[in-house]
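A short write-up of the structure that comes next.
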Amino acid sequence: MELSRRTFLKSALVGGAGISLLGFDLTPAVAQLKELKIARATETRSTCPYCSVSCGVLIYTIGDKAKNVTPQVIHVEGDPDHPINRGTLCPKGASLEQDILNPRRLLKPQVRRPGSDHWEDIAWAQAIDEIAHRVKKTRDDTFIEKDPLGRTVNRCESMAWIGGCTDTNEFNYLVVKTMRSLGLTYIENQARV
Amino acid sequence: MTNGWIDIKNTDMMLIMGGNPAENHPCGFKWAMEAKRNRNAKLIVVDPRYTRTASTSDLFLQIRAGSDIAFLGGVLHYAIENNRVAKEYLANYTNAAFVVKEGFKLPEDGLYSGFDAASQTYDRSSWNYEEGNDAGGAAPSHAATPAAAAPGAPPPLPGMPPKVAYDFTLQHPRCVFQLLKQQYSRYTPEMVERITGIPKDQFLKAADLFTSVRKDGDMKRVATIIYAVGWTQHTFGTQIIRTAAMLQLLLGNIGRAGGGVNALRGHSNIQGATDMAGVFDSLPGYLKVPAPTDVDLATWLKRITPTASKPAPWDSFNYYSNTPKFAVSYLKTFFGDAAKKENDFAFHYMPKVDRNYSWTQLWDNMYRGSVKGMLAFGMNGVAIGPDSQKNIDALKKADFLVVGEIYPDETSEFWKSPGITPEEMKTINTTVYRLPCAGFAEKDGSFTNSARWLQWKNAAVPPPGDCRLDQDIVAQIFLKVRELYQKEGGKFPDPILNLTWPYVDAQHPALADLAKEVNGKALADLTDPKTQVTIKKGQQLPGFAWLKDDGTTSCGNWIYSGSWTEAGNLLARRGTDDPSGLGIYQNWGWSWPANRRVLYNRASCDPSGKPWDATRRQVWWNEDAQLWVGNDVPDFKPDSHPKDHMGPFIMTAEGVGRLFAPLGLFADGPFPEHYEPIESPVENALHPKQSNNPVVKKLKTAADKYATPGDGFNIICTTYRLTEHYHYWTKNNQMNVQLIPEPFVEIPVELAAELGIKGNDKVKVTSARSYYVAKAFVTKRIRPMTIDGKKVYQIGIPIHQGYRGIQEDEGKDARTILNRLTPTVIDPNAFTPEFKGFLVKLEKA
Amino acid sequence: MSTSHVVSSRPPAREPEGVICRYTLGERVHHWLAALTYIYCLITGLAFWSPYMYWLATLVGGGPTARFWHPWFGLGFTLSIFWMYKMWIGDMRITDADRRWSKAMRYYVENQDEKLPPEGRFNYGQKLFFWLMFYGVILLVISGFGLWFVESIPWSLRWLRYTAVTVHVVAALATIAGFIIHVYMGTAMVRGGFTSIIRGEVTSTWAKTHHRLWYEQVTKGTSSQK
Amino acid sequence: MSQATLAIKRISGHAGPAPGEGVERDYQVCKLVDTTTCIGCKACEVACLEWNGYEFTDTVFDNSYQTMPETTWKYWNLIKFNEHENSDGTISLLMRKDQCMHCADPGCLAACPADGAIVQYTNGIVDFQQQNCIGCGYCVSGCPFDIPKFNPATKKMFKCTLCVDRVSEGLEPACIKSCPTGCLHFGTKEDMTDLAEKRATQLRENFGFEKAGVYDPAGVGGTGVIYVLHDATNPEAYGGLPKDPHIPWVVKFWKGPAKWIGNLAMLGGILRVTVHYLRFGPKIVDGSKHENGGQP
């Protein structure tokens, strides 16, 4: 009874001091600096796919390109060497990581059949086969060799190619090459609008 | 861009109009800020809205959407009246001194000479130079030549006189300068105010500031004009840009560091797509497509190869005289051994084009039922519009649609767009294939930026899931078609069967191989007779100067020739040296043509070959070497002595900048004239009887409706992008969606008050086509305007939303494709739809 | 009230002169609830108060734990004080006897208790302490909420944050002052006081000496009841 | 991280000096925000979020381009927009990047009771160490810029770190790197002050902004983020930048004099009762027999 209170306080104080004396540091650790997350990641130089400024971007991927690593993007930032953007990026360019790693990405070929209300999965080989047959049939059905004045025109006006804004020069070239050889006249691009 | 992104830092004066680079090209806009910081350059912004670009300006003027020619014409008038012109430049480097044919008439009544009302076309034969010699006084000590075609413009049609009548004193009443002066004498400050709504005093302030670079005849200072689709997306878009080019020629700003007319393209590679002829009316390198009248190769080449047309004392390089070499090399690349001299290099394989197959026509004809199939790769035609509902209705009539995409988009899901009932869905018989493509980080290849720089990029990761590289998909479809033709035969299979396919892995063509093919190679041993340098058969060509018209060279696109030589892939160069400090970066990537960074840079020197401004030396004549040398690659014949007076605009037949655009260059007039947008709240103050561009034709299906103020559509609506979003793409990106989560309509405070609309209220915007629902953004940044005495409001809507995106997915019935509202009329030259400045009604939803 | 102050039913203490129940079990429980919660708040509060006492937080489980429990213990303390208020409000009103006593408080301090006028169940000093704690806790709890949910105070009302800080500190210091005296008197100074709050009993002498009026009232009541 | 402690010159809630105080030479880092070239593009917002990798926020359009009303615990960098009407009736769109100011005399650190929860590095960066944070929110009261924000799930405070992970590796902060117009600049405090003053002079002399000036408030000892403003006399127009920020006097008093007054009072109380005991001793009712109030 007599001891009850003062004893408790005393032992607690001594205990606390004891913990300290025994090397238990009561001072919390400070300055746990975050590590640089891209320190040893692989850096790939690319060009922003958005506007026409052509900002250089650095895409950082996991691993050092060793065989047993599947690279995945962990960060994207501007290329400081690029003379135009000098490392800067706009809010679209700065979010490119979210474009590459986007849960909304389409991941498999699909087809929507006439009258259907849903997408169906389709194998690549079958999709390409079906498309090729449709292209050939449409071309064969509508190909114009001579116009009403009898002049050779060799064109196919019933199919169109519309190309996007982020197609590379080389892809555009391949498109022009293949589509013109099919005789297409409706070859248009984002460049028009 | 005639110049480049970095080059903007060299300027003293900027006029940004029809563009909003701070929001849409922020990283390029830094160079405008650098000019302000380092040169105290001034920035004038003219826009329907006070944009984020305007927030950094020294002078902002709110203009009525679609009245840009009136403004620029007013500045031209001001410059001439106040003698703020670059006289020597004007006389020597433009066609100011050229005498125009008798019979040419200026459009006081809204029409140039030669108009045929029935066909809505011009007979342009009177829009030509007079043939002859000196029609005025004595020639100036240095004579010069004309031409300001935008880069990539097609060569003019033949028909210009080889010897043009001239008056170097610019006094002849029919000389271009006098006609120009007369044309814009009507664009007085008072008239500018009536048309544009810009108060006279503000206009004069801007005109004075902009032309101040030529105050007191000074030639050292330079001004630039920067624009984007705010100019092109009009039924007179090309002519707005021409007005700007003319103003820059008048002020002597073309070809100079910190000058030029700079188009800011909206996408990473639509410059490349245009160069590579991803559009119906050209072949790679801006060669004109063959027409049915081109019965053989020779006829075609004769039609598309211009001949020099100049005053007798002057010289003209007329570089397009080499067109046959480009064209034949191109045919050889496509058809290889099947393209022989004997068969006109397989010229008959090429489809012949004699009408408009452009974007709106494509949808129109699909809507009418004649276009049965479409392959859309990375191109969201429904969202892009114009008149998205018409495009949806068109797709309902197609047999098949192949979409290559990385995200679900409006186009591939047109068949379940908002408003389509389950019953209607059953009646839509279009088969839609949606193929998962690779994103930018998964592909290599090159983009061409707005400044014509080609840069190679590298793939960082493989495509996810079952995605395939776009080039593989196209190759595989094509090879399958080819296989079918091989097996089954069919209509005219020759071009398909004979198309060259020299790729190591046929099903997976490497973009590097394609890039090499584009550059071109020797098909036989070639020797330059001058230097005796030899190129062995099979070697990459060092540049387009080596191209031949005899079938001994191949080249997929002559303007890209020199990009992947025996020295390797120049597109991937990363040299960061810039000894001149002008931001030229000769060793970074590669720029067409021939790695020149500023086009027409010969004009940066006076006629004697000395730079106008010694502190910004781009190129100059080296008398000792008898050569043009410099920090940039001279855009000129390197050994042409200044005394020969070769015009600096080597891509024109005249050799000079064109203040007056002769003959068939433009469909709607050799000088720009102000016309009202197709949907305008007012009549044309210059000529009310001819309010619109006379050659613009409206489409005629049931879907194509156009409004008039009489129908109650009296608010001007303009469309634009926000800096937080990219086109119809980043609505799939959580990061950007959080920056601007919802669609909105920017409404002036005064209009909102009139209609009882408060910020964040839902509003409905209705055009003659359709309606759009979004939140109201009530802002002080758009002010009411007085147009020709009438109070007019403008509103603005960003383009970025639709019905597929994080915020708009199925079940939300998002009526937020902006282009449901936009009209299907197009510019008669570039065929770009009039997205900017149409009429709407506004109400609380 | 008086019915609660019955004589303990426990067997008589060693000294037959008698023991008197000073605090019922319920009263003692509440006192110790208040005491323990207060002490917890005191320890943690002192830890937050000064870097030189931050080690106190370590004793009770570390800073975040201390920060987590401090407001809850504070609420517990508040509730026990409110309970005490309900229990003792009748005894805590300042009376004329208190006023007389207060004038002679010097004698109390100097242990000359014989010179003091008689007092009731609680003397003036105890009542002052009670009211100090009562009003103190009201201020502490109100300001405490401001500190607890500081991030939900909008920037425009930031003066509330500053007020909360000031009030909490001032109120806490005031209660600490009272607490020091209270503990000193309850343990060291007034012998018998500590036992009374533990066991609930005091001797008649003790009661007579320190709380004569109460003693008289209780014994009168007892005799009348028994 | 053994050397890292030497990079610390101030520690919150810490008894005794910080290990790095006055030990090593270091330069003060500083961000310069030139609001006259800010285009409100929000690249800095995105770069910040991308680098630090926090979750996205569901936002709502609110009649403005501004992403959200205020910074949050997981959104440290916010451009504040203001359609400002000038005296001549014209409009300016004022845009200012709001973030931690990294005050030389940080109110958050002064207010923080938790040992090591807030540190100031020798290069001037003020950084929260979440593992030491007790979530008390005192920093909120200490900050004159409304910067520290509370994560209710983890009960920790967060704010801009000035990309200490990048800066300590010799890189610039993510926001600085991204800024397209160069409105953001990074360097030593000395250089940034110099640059800012030059720019302000240029704005006054060449661009007609007679009131242009630099915002580097002395009330908090100067800041690690300084602004160039078109009108330095009206910083409030830039999304509520306080005109004369200082650590609230309440906090100063609380963490300064009040501490000593309180400690002395407490100590004095204990001393007084001790002296009292020694002087007067206990009150014993029943004589020496029953010290403890006559209890058995």
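Taken together, the values in this text are just the output of simple stated rules run on the coordinates, not laboratory data. Everything quoted here is computed from the prediction, not taken from an experiment. Heads up, the Cβs are rebuilt from the backbone with ideal geometry, glycines too, and the neighbour counts pull from every protein chain shown.
Which of the three applies to the range B:536-664, rounded, prolate or oblate, going by the alpha-carbon gyration tensor with a ≥ b ≥ c and a/c under 1.5 meaning rounded? Mind dumping the intermediate values first?
Details: a/c = 1.86, a/b = 1.25, b/c = 1.49.
Oblate, because a/c is 1.5 or more while a/b does not exceed b/c.
Need one number: % antiparallel among DSSP beta bridges in the protein assembly as shown, to the nearest 5. Provide the component values of the computation, followed by the final result.
Numbers: 92 of 150 bridges.
Percent antiparallel among DSSP bridges in the protein assembly as shown is about 60.
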- request: Would you look at the GNM of chain D, springs on alpha carbons closer than 10 Å, and say which of D:Gly239, D:Gly53, D:Gly116 moves the most?
  value: D:Gly53
- request: Label the range A:42-100 by shape, choosing from rounded, prolate and oblate, from the square roots a ≥ b ≥ c of the eigenvalues of the Cα gyration tensor; if a/c is under 1.5 it is rounded, and otherwise prolate applies when a/b is larger than b/c, oblate when it is not.
  value: prolate
- prompt: Just from the alpha-carbon atoms, what are the Rg and Dmax of the range B:688-844 in angstroms?
  reply: 16.3, 51
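Let's see if you can work this out: charge +1 on each Lys and Arg Cβ, -1 on each Asp and Glu Cβ, no other charges. What is the dipole magnitude of the protein assembly as shown about its Cα centre, in debye to the nearest 20? Could the numbers behind the result be given before it?
Numbers: 171 positive and 160 negative charges, 822 e Å.
Dipole magnitude for the protein assembly as shown comes out near 3940 debye.
What dipole magnitude, in Debye to the nearest 20, does the range C:22-225 give about its Cα centre under +1 on Lys/Arg Cβ and -1 on Asp/Glu Cβ?
Values: 19 positive and 11 negative charges, 42 e Å.
Approximately 200 debye in magnitude.
Once R0 is set to 45 Å, what does the formula 1/(1 + (r/R0)^6) return for the Cβ-Cβ distance between A:Lys137 and B:Lys698, expressed as a FRET efficiency to the nearest 0.05?
Working: r = 34 Å, r/R0 = 0.76.
Computed FRET efficiency for A:Lys137 and B:Lys698: 0.85.
Given R₀ = 60 Å, FRET efficiency for D:Glu70-B:Glu483 by Cβ-Cβ distance, to 0.05? List each step's numbers first, then the result.
Working: r = 63 Å, r/R0 = 1.04.
According to the calculation, E is roughly 0.45.
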message: Between the range B:317-382 and the range B:224-253, what is the separation of their alpha carbon centroids in Å?
response: 28
Top positive-direction residue, dipole computed over the range A:42-100 with Cβ charges, set A:Pro83, A:Pro71, A:Ala94: A:Pro71
- prompt: Within chain C, how many lysine pairs that are 8 or more places apart, or on different chains, have C-alpha atoms less than 16 Å apart?
  reply: 5
query: Tell me, in nm to one decimal, what length is gained between B:Tyr503 and B:Gln539 on full extension, where the rule is 0.36 nm per residue of separation less the Cα-Cα distance?
result: 11.3 nm
query: Anyone know which of D:Asn132, D:Asn82, D:Asn206 comes out most mobile in the 10 Å Cα GNM of chain D?
result: D:Asn206
Percent of C-alpha pairs per 10 Å bin, the range B:599-758, short to long: 8, 19, 16, 20, 21, 13, 3, 0
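Working from the pairwise distances between different alpha carbons, so that the mean of 1/r is found and then inverted, what is the protein assembly as shown's Kirkwood radius in Å? Mind showing how you got there, number by number?
Numbers: mean 1/r = 0.0269 Å⁻¹.
About 37.2 Å for the protein assembly as shown.
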query: Under a point spin-label approximation (7 Å from Cα along Cα-to-Cβ), what is the C:Leu213-C:Ile142 distance to one decimal in nm?
result: 3.1
query: Which residue fluctuates the most in chain D, going by a Gaussian network model with Cα springs under 10 Å, if the choices are D:His185, D:His276, D:His102?
result: D:His276
- line: Restricting to aspartates and glutamates and to Cα separations under 19 Å from A:Lys67, and discarding same-chain partners fewer than 8 apart, the set is A:Glu43, B:Glu442
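Below 8 Å between Cα atoms, with a sequence gap of 6+, how large is the relative contact order for the range A:143-193 in percent?
Working: 59 pairs, mean separation 20.6, N = 51.
Value for the range A:143-193: 40 percent.
Where the convex hull is taken over the Cα atoms of the range D:4-246, what is its projected area averaged over directions, in nm²? Could the numbers behind the result be given before it?
On the way: hull surface 52.6 nm².
Over all viewing directions, the range D:4-246 projects a mean Cα-hull area of 13.2 nm².
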query: Roughly how crowded by other chains is peptide B:15-24, in terms of the mean Cβ count from those chains within 10 Å of each of its Cβ atoms?
result: 3
task: Using the 2.2 N^0.38 Å rule of thumb for compact globular proteins, work out how chain B stacks up: its C-alpha Rg over that value, please.
output: 0.93
query: Within the range B:57-81, what residues put their amide N at less than 19 Å from the label point 7 Å along the Cα-to-Cβ vector of B:Asp201?
result: B:58-63
message: Suppose each label sits 7 Å from its Cα in the direction of the beta carbon; what would the C:Gln112-A:Ala123 distance come out to in nanometres?
response: 11.3
Under 19 Å from the Cα of B:Lys30 - aspartates and glutamates, other chains or at least 8 residues apart: A:Glu77, A:Asp79, A:Asp81, B:Asp7, B:Asp12, B:Asp58, B:Asp578, B:Glu724, D:Asp34, D:Glu45, D:Glu172
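Looking at the P(r) of chain C, how many percent of alpha-carbon pairs lie beyond 22 Å? Display every interim value, and only then the final one.
On the way: 14697 of 25425 pairs.
The share of Cα pairs beyond 22 Å in chain C comes to 58 percent.
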- line: Along the range A:111-124, Karplus-curve 3J(HN,Hα) (6.51, -1.76, 1.60; θ = phi - 60°) to the nearest Hz, with x for Gly and Pro, reads 9, 10, 7, x, x, 6, 10, 8, 7, 10, 6, 9, 6, 3
- prompt: For the range C:29-76 and the range D:107-161, what is the separation of their C-alpha centers, rounded to whole Å?
  reply: 21
- request: May I ask you to list the lysines whose Cα is less than 26 Å away from that of B:Lys790, ignoring any residue fewer than eight positions away on the same chain?
  value: B:Lys200, B:Lys205, B:Lys689, B:Lys705, B:Lys758, B:Lys764, B:Lys780, B:Lys836, B:Lys841, B:Lys844
message: Using only the alpha-carbon atoms of the range D:1-81 as identical scatterers, what base-10 log of I(q)/I(0) does the Debye formula give at q = 0.14, 0.15 Å⁻¹?
response: -0.73, -0.79
- request: At 7 Å along the Cα-to-beta-carbon direction for both B:Asp525 and B:Glu750, put a label point, then send me their distance in nm to one decimal.
  value: 7.9
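In what sequence do B:His674, B:His725, A:His118 fall when counting other Cβ within 10 Å, fewest first? Mind dumping the intermediate values first?
Working: B:His674 30, B:His725 24, A:His118 9.
Exposure proxy ranking, most exposed first: A:His118, B:His725, B:His674.
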- line: Sequence order, the range B:27-43: Karplus ³J(HN,Hα) from phi using 6.51 cos²θ - 1.76 cosθ + 1.60, θ = phi - 60°, Hz rounded, Gly and Pro as x, gives 6, x, 5, 4, 6, 5, 5, 5, 5, 5, 5, 9, 10, 6, 5, 9, 10
- request: Search the structure for amide H atoms under 5 Å from the amide H of A:Val57, placed 1.01 Å from N in the peptide plane, and list their residues when 5 or more places away or on another chain.
  value: A:Ser46, A:Thr47, A:Cys48, A:Asp79
message: Once you order the gyration tensor axes a ≥ b ≥ c over the Cα atoms, which shape class does the range B:192-260 get: rounded for a/c under 1.5, otherwise prolate or oblate by comparing a/b with b/c?
response: oblate
- request: Positive end of the charge dipole of the protein assembly as shown (Lys, Arg +1 and Asp, Glu -1 on Cβ, about the Cα centre): tell me which of C:Val150, B:Gln794, B:Ile240 has its Cα farthest that way.
  value: C:Val150
- request: Using θ = phi - 60° and the Karplus relation 6.51 cos²θ - 1.76 cosθ + 1.60, list the HN-Hα couplings for the range B:269-279 in order, rounded to whole Hz, with x at every Gly or Pro.
  value: 9, 7, 5, x, 5, 6, 4, 8, 6, x, 10
